[in-house]
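The block underneath contains the structure these notes are about, expressed in structure tokens.
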Amino acid sequence: MFKQLFILPVLLSGFAISPVHSLAMDLDHDSVPDSRDRCPNTAQLTKLPADFKFTAAVNPERLKPGPLAYPVDQHGCEFDTDGDGVVNSEDYCPEDSKEVLLMGVSGNGCPKHSDRDGTPDYRDRCPNTPAKVKTDKYGCEASQKILGSLTERVTGRLAA
């Protein structure tokens, strides 16, 4: 009789704790309860249809039904892999090196690109290229490179 009376409250207390724990709110679905979540609006992974053609190329979690958030730390905050101040869910270049990012970071997490010529600032040798001008990999007008090469062949020295 004593054993039965002792076991019953222990079992009941287990049942009382268990449902409360399982009902902890996690509105952003990042597996961190809202009561401990320092970043309560974690971005959600975009779900793909089950019949998506390129399933081998994507994270399989994106094919499962139900909501799923981007990976987070123990506080419920998204990671910023390259430390540029842009969380990975919004970062188009999440693994840039510190050297690349020294010249600045644009809003999408990629290296800053001031003159929009197709060459980021850290590699741009001609930083004020006019808009809609074809450039080489260093951000200089392609015609300048050709002209310089012709001058060098004719005169034996590179044009300044």
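The values are calculated or read from the model by the stated rules, or taken from the named source; none is laboratory data. Keep in mind the model is a prediction, meaning the values are calculated, not measured. Backbone-built Cβ (ideal geometry, glycine too); neighbour counts: all protein chains shown.
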Any hit, segment 91-111, residues being under 30 Å from MET25 (Cα atoms), charged (D, E, K, R) and at pLDDT 90 or above: no
Residues located in segment 56-76, provided they are at pLDDT below 70 and either at positive phi or of a type in the set (Val, Ile, Thr) (or both): VAL58
Any hit, segment 74-85, residues being surrounded by fewer than 16 Cβ atoms within 10 Å (Cβ to Cβ), of a type in the set (Phe, Trp, Tyr) and either assigned to a loop (DSSP other than H, G, I, E, B) or not assigned by TED's automatic domain parsing to the domain that holds ASP34 (or both): yes
